[in-house]
Amino acid sequence: AEVNEYLDIDPAKLHLVPEAVDHDLFRPGDPDEARQHLAEKYGLRGPFVLFVSSLWPYKNCHGLMRAFALADLPDHRLVVLGAGRDVAYVAELHALADSLGITDRVDWVGGVPHEETLHFYRAASVLAYASFNETFGMPILEAMASGCPVVTSDLSAMPETAGGAALLANPGDPESIKDALEGAAGAEGDVLR
C-alpha cells in the first residue's frame, strides 16, 4: 500500500512475498538456561523487558523508555539489544534515560550475532516493539517462535505481522505502551506464551 501511495509504479508489478522465521533457530526452550547464558556472557540478571532493533528514531526506543519509566515493573530492567546506527539518537537516548531516572535500570547491550538473540527472547518477560513504521517486523515473529510475549504497535504492518497474538499499543502514547507492558509481563503475558 505504501509503495502504491508514494511511488509511481505499475501495481501489476508488485507482489507480496511473506517473510518467515528460521524455526531451526527460533523455538521455545528453557528460560532458566537462557537467563544463565545471559548472566555469564553479558552480565544480565533479573527479569527484563527486551527491545531488539537498530537504534533509529522511527524505531521508537525513546517512547518505550518513557513507558518503561511509568510502568509498575519495579523488578524489571530494560535491555536494549541493537546497534547504535544513529549516533546523535543514541546520545539522546542515554540523556533521556538519565532524565527519566532509569539509567541504572537500562542495559545497553549493542549488536550481537543473530543466533544470540534467541537467548534474549527466551529469557525476556516481553519483547517491546513499538515502532512507528515497519514493512514487516521480524523480531515480532522471532520472539513469538521463541515463546516470548510481544507488545507491538497498532500501526503499519505490525498488527498484521502479530496476527492477533500480541498486545497492541499506540507507539505515540507512552501510557498505552506502559499498559501493554504491564499486561504482557503479567497474566496476559502468560496467555501469550
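The values are calculated or read from the model by the stated rules, or taken from the named source; none is laboratory data. Please read these numbers as outputs of a predicted model, since none were measured by experiment. Cβ sites come from the backbone with ideal geometry, for glycine too, and all protein chains shown count toward neighbours. Quick note on the areas: whole protein, heavy atoms, side chains included, nothing else; ligands and nucleic acids left out. Shrake-Rupley method; radii C 1.70, N 1.55, O 1.52, S 1.80 Å.
Output the residues belonging to the range 37-76 that are of a type in the set (Lys, Arg), out of contact with any Ser or Thr (no Cβ under 9 Å at 6 or more places or on another chain) and within 26 Å of Leu155 (Cα to Cα).
Of the range 37-76, the ones of a type in the set (Lys, Arg) are 41, 45, 59, 66.
Going one step further and asking which of them are out of contact with any Ser or Thr (no Cβ under 9 Å at 6 or more places or on another chain), we end up with 41, 45, 66.
Correct list: Arg66 only.
Among the residues of the range 101-118, is there at least one that is under 25 Å from Gly172 (Cβ atoms) and either part of a helix (DSSP H, G or I) or modelled with pLDDT under 95 (or both)?
Yes, some residue in the range 101-118 is under 25 Å from Gly172 (Cβ atoms) and either part of a helix (DSSP H, G or I) or modelled with pLDDT under 95 (or both).
Given the criterion surrounded by fewer than 20 Cβ atoms within 10 Å (Cβ to Cβ) and free of Cβ contacts under 8 Å to residues at least 60 places away in the same chain, identify the matching residue among Ala20, Ala39.
Ala39
For Asp75, are the conditions met, namely being farther than 24 Å from Ile140 by Cβ, in contact (Cβ under 8 Å) with a residue 24 or more places away in the chain and open to solvent by 60 Å² or more (accessible area, probe 1.4 Å)?
On the way: farther than 24 Å from Ile140 by Cβ: yes; in contact (Cβ under 8 Å) with a residue 24 or more places away in the chain: yes; open to solvent by 60 Å² or more (accessible area, probe 1.4 Å): yes.
Judged against the criteria, Asp75 is a match.
Take the residues in the range 23-36 that are of a type outside the set (D, E, K, R) and either in contact with a Gly (Cβ under 6 Å, 6 or more places away or on another chain) or surrounded by fewer than 13 Cβ atoms within 10 Å (Cβ to Cβ) (or both); name whichever of them is modelled with the highest pLDDT. Give the derivation first.
Of the range 23-36, the ones of a type outside the set (D, E, K, R) are 23, 25-26, 28-29, 31, 34, 36.
Still in the running and either in contact with a Gly (Cβ under 6 Å, 6 or more places away or on another chain) or surrounded by fewer than 13 Cβ atoms within 10 Å (Cβ to Cβ) (or both): 23, 28.
Working: His23: 84, Pro28: 95.
Once the filter is applied, the top-ranked residue is Pro28.
Quickly run through the range 103-118 and pick out the residues that are farther than 20 Å from Trp56 by Cα and out of contact with any Ser or Thr (no Cβ under 9 Å at 6 or more places or on another chain).
Looking only at the range 103-118, we keep the residues that are farther than 20 Å from Trp56 by Cα, and these are 104-105, 115-116, 118.
Listed by number, the residues that qualify are Asp104, Arg105, Glu115, Glu116.
What's the total number of residues in the range 44-62 that are open to solvent by less than 50 Å² (accessible area, probe 1.4 Å) and more than 18 Å from the chain's Cα centre (by Cα)? Working first, answer last.
So the first thing to find is which residues in the range 44-62 are open to solvent by less than 50 Å² (accessible area, probe 1.4 Å), and the list is 44, 46-55, 59-62.
With the extra rule that they be more than 18 Å from the chain's Cα centre (by Cα), the set shrinks to none.
The total comes to 0.
Of the numbered conditions (1) closer than 13 Å to Gly63 by Cα; (2) in a helix (DSSP H, G or I), Phe132 satisfies every one except a single condition; which is it?
For Phe132, the failing item is (2).
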